[in-house]
Amino acid sequence: MTKRHPETRLRARQLRTDMTPPERALWSVLRAGQLGIKFQRQVVLTPYIADFATRSERLVIEIDGDTHADSAATDIARTRSLEARGYRVLRFSNAEVMTNLEGVTRAILIALGREGAHLNPRPLQGERVASEAKPGEGG
């Protein structure tokens, strides 16, 4: 743990615990190297905390909620700062993630140069895949 910004690390830890529904949905696709790349969530890139990042590919993924509507200038400055450090930044809205997770995933794969990769997302916690459904249950 860095001694210079312990509050940022503590905040990142709290954000990992309190993920929003769009963050949980996207994490269900990014976690455990499912796209062939290791992603981390709530990554400290001081002074920022990126929603998701892969250090090996230098890619940051941000999910912008309603609070970002009034912070376009701040988001632009943040993106420029991360780009200056060698990161590419992809931004998606909460609505995009929740209504078009497959499209968001495809955009990420394209950015990673893996557009032909197979997508096999895990179900969200509490969801069942069709093969787990009991006979007579909807799946």
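The values are calculated or read from the model by the stated rules, or taken from the named source; none is laboratory data. No experiment lies behind these values; they were computed from the predicted model shown. Here the Cβ is made from the backbone with ideal geometry for all residues, glycine too, and neighbour counts use every protein chain on show.
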One residue from R128, R91, R122, R80 being outside any helix (DSSP H, G or I), modelled with pLDDT of 95 or more and among the basic types (K, R): R91
Selection from the range 1-30 of residues in a helix (DSSP H, G or I) and within 19 Å of M98 (Cβ to Cβ) yields L15, P21, P22, E23, R24, A25, L26, W27, S28, V29, L30
Given E62, E83, which one is under 30 Å from G116 (Cβ atoms), crowded, with 16+ Cβ neighbours inside 10 Å and without any contact (Cβ under 8 Å) to a residue 40 or more places away in the chain? E62
Filter the range 28-56 for residues that are farther than 17 Å from T17 by Cα, surrounded by fewer than 20 Cβ atoms within 10 Å (Cβ to Cβ) and touching a strand residue (DSSP E or B) at 6+ places or on another chain (Cβ under 8 Å) and give the result. I37, K38, L45, R55
Residue hits (the range 9-27; in contact (Cβ under 8 Å) with a residue 40 or more places away in the chain and surrounded by fewer than 17 Cβ atoms within 10 Å (Cβ to Cβ)) are T20, P21, R24
If a residue has to be in a loop (DSSP other than H, G, I, E, B), free of Cβ contacts under 8 Å to residues at least 12 places away in the same chain and under 18 Å from M19 (Cα atoms) to count, how many in the range 65-77 make the cut? 0
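Taking the range 31-46 only, how many residues are without any contact (Cβ under 8 Å) to a residue 60 or more places away in the chain and either within 14 Å of I61 (Cα to Cα) or part of a helix (DSSP H, G or I) (or both)?
Final tally of qualifying residues: 9.
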Restricting to the range 94-116, give me the number of residues that are in contact (Cβ under 8 Å) with a residue 40 or more places away in the chain, assigned to a helix (DSSP H, G or I) and hydrophobic (A, V, I, L, M, F, W, C). 7
Determine which single condition M98 fails, assuming it passes every other condition in (1) out of contact with any Ser or Thr (no Cβ under 8 Å at 6 or more places or on another chain); (2) modelled with pLDDT under 95; (3) surrounded by 14 or more Cβ atoms within 10 Å (Cβ to Cβ). (2)
